[in-house]
1. For the chain, modelled as a GNM with alpha-carbon contacts under 10 angstrom, which of His159, His90, His70 fluctuates the most?
2. Between Ala120 and Leu310, what is the FRET efficiency for a Förster distance of 41 Å, r being their Cβ-Cβ separation, to the nearest 0.05?
3. Take the chain, connect every pair of alpha-carbon atoms lying under 10 Å apart with a spring to form a Gaussian network, then pick out the residue of Ala72, Ala92, Ala129 with the largest mean-square fluctuation.
4. Could you line up Cys311, Cys219 from fewest to most neighbouring Cβ atoms inside 10 Å?
5. Under a Cβ-Cβ cut-off of 11 Å, what is the net charge of the residues other than Tyr320 that fall near it, where Lys and Arg count +1 and Asp and Glu count -1?
6. Between Arg47 and Asp189, what is the spin-label point distance in nm, taking each point 7 Å from the Cα along the Cα→C-beta axis?
7. For the chain, give the magnitude of the charge dipole about the Cα centre (Cβ charges: +1 Lys/Arg, -1 Asp/Glu; no others), in debye to the nearest 20.
8. When the Cα centres of the range 77-121 and the range 304-351 are compared, how far apart do they sit, in Å?
Amino acid sequence: MVRASGAADESSPGAAAELTELLAEARAWEQIGYVTEAREAYERVIRIAVVQHLSNVLAEALRRRAVLAHQAGESAVAAAGLQQSYAVAHAAGDLLRAAEALNALGGLRIETGQLEQARAVLEEAAALAADAPPLRARVAQNLGVVATIRGDHSSATRHYEEALVAYEGLGDAHGVATARHNLGMLAADAAMWVEADAHFTACLNLAWSAGDPHLEALCRVNRAEVQLARGEVAEARAGVEAARRIVDKIGKRSDLPDIERVLAHCDRAEGHLDQAETRLQRARALAAELDAPLTAAEAADELGDLCRELCREGEARSWYEMALRAFTALGAERNAARTRAALATLEPDGR
């Protein structure tokens, strides 16, 4: 492992090379899932890069440290770090790293429910990354997520397919895996279970071979919802439990609310309704703690379903109304439409 040897002239090739190697060390920790070690390594890179005035390395380390902060549930810290990364890169005229920071910030804005802000920064990132096909593909993925949440199926499909074609052309197996995952999500939203499962299976194989445990966990959780829809309850639970073990190992707390939410689906399918209710309450609490309003709204919506099944219509109405307010505020039109339809099935005096 490389250790810093002190400050050097910014024009020194040795200084730049040493920091590049140190950054690679931090990235290696990140890739094998050692989040604490990776964050400490990026902190070390940042301190030295500031002293040596190496803007490119500083912008890169600030962005990567911010992404790890977000995955640990520290969204405010992550947003500040990404904005700092963008400012450093932009001031240095480094358009590629400025676009990288904006793309990551767009992803963060999506997860914290700020869709219009996400769209704006992602479109700026796309413009800055015009000559960088790999980054443009990642930006297209995120724009597809915005469209998906808003219920714009055609735009989402266009963005995801654009990314898939780009990644295939680049020979980027990891990128292909991510695109296949998102196309699987889109197919699942349309209840196209066979197509969705085919996308998720391909994603799992590619994520495993690419050595990305986080993507593997995410895919297992989302594939479980497809398996539940097909009546494959045992397989779904096994997949989510495997995802939880991965998340616990690598420290990606941002995935915990969805894991609890999908485990609640498994409980409900097996008739364990009290346990499902407890899990959904836990999912809501975790989502609030980790600043994940869309997941919190989904859990409230599912609590409405559960209370309706238990003939507790007054509580069901309250949960549905809470979810509907959140979905509407987030611009999640597809989810909002589904919740309105559920509310319409309740008796007028359901309170």
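Just so it is clear, none of the values below were taken in a lab; they were calculated from the coordinates. Note that the structure is a prediction, hence the values are computed from the model and not measured. Here the Cβ positions follow ideal geometry from the backbone for every residue, glycine too, while neighbour counts run over all protein chains shown.
1. His90
2. 0.45
3. Top of the fluctuation ranking is Ala92.
4. So the residues, fewest neighbours to most, are Cys311, Cys219.
5. Every neighbour counted, the sum reads -1.
6. Result: 4.5 nm between the two label points.
7. In total the dipole reaches around 260 debye.
8. With the range 77-121 and the range 304-351 each reduced to a Cα centre, they are spaced 34 Å.
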